[in-house]
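Have a look at the structure below before the remarks.
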Amino acid sequence: MTRALALQAGIGIASGIAGLALLRRRAATPEGVYATRIAGMMLVALCLFLTGFALVFAYSN
């Protein structure tokens with residue numbers, strides 16, 4: 001795995017952890033709950049894309 005792929009996977013894992021932490025947070029208002037769900041799922045999706053592509057490129061070469 002090259003340095004770029006390792007960096008990509010590391011950023012992906014960090015965004016996944018941040019997304020899961022955000023999804024576990026409780027918000028005071030219904031609007032806050034909605035906003036944290038959207039932001040948390042966006043970070044988790046970023047994690048899936050970055051780590052997925054890093055793994056595919058690492059094993060295809």
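What to note about this one:
- 3J(HN,Hα) along segment 37-43: 5, 5, 5, x, 5, 5, 5 Hz, from the Karplus curve 6.51 cos²θ - 1.76 cosθ + 1.60 with θ = phi - 60°, whole Hz, x for Gly and Pro.
- Under the criterion of Cα pairs below 8 Å and six or more residues apart, the relative contact order for segment 3-60 equals 51 percent.
- Residue-averaged [θ]222 nm for the chain, counting only DSSP H segments that reach four residues, each worth -39500 (n - 2.57): -31000 deg cm²/dmol
- Counting only Cα atoms, the size of segment 3-60 along its three principal axes is 46, 13, 12 Å, in decreasing order.
We did not get these values from a lab; they are worked out from the coordinates using the rules stated. None of the values given here were measured: they were computed from a predicted structure.
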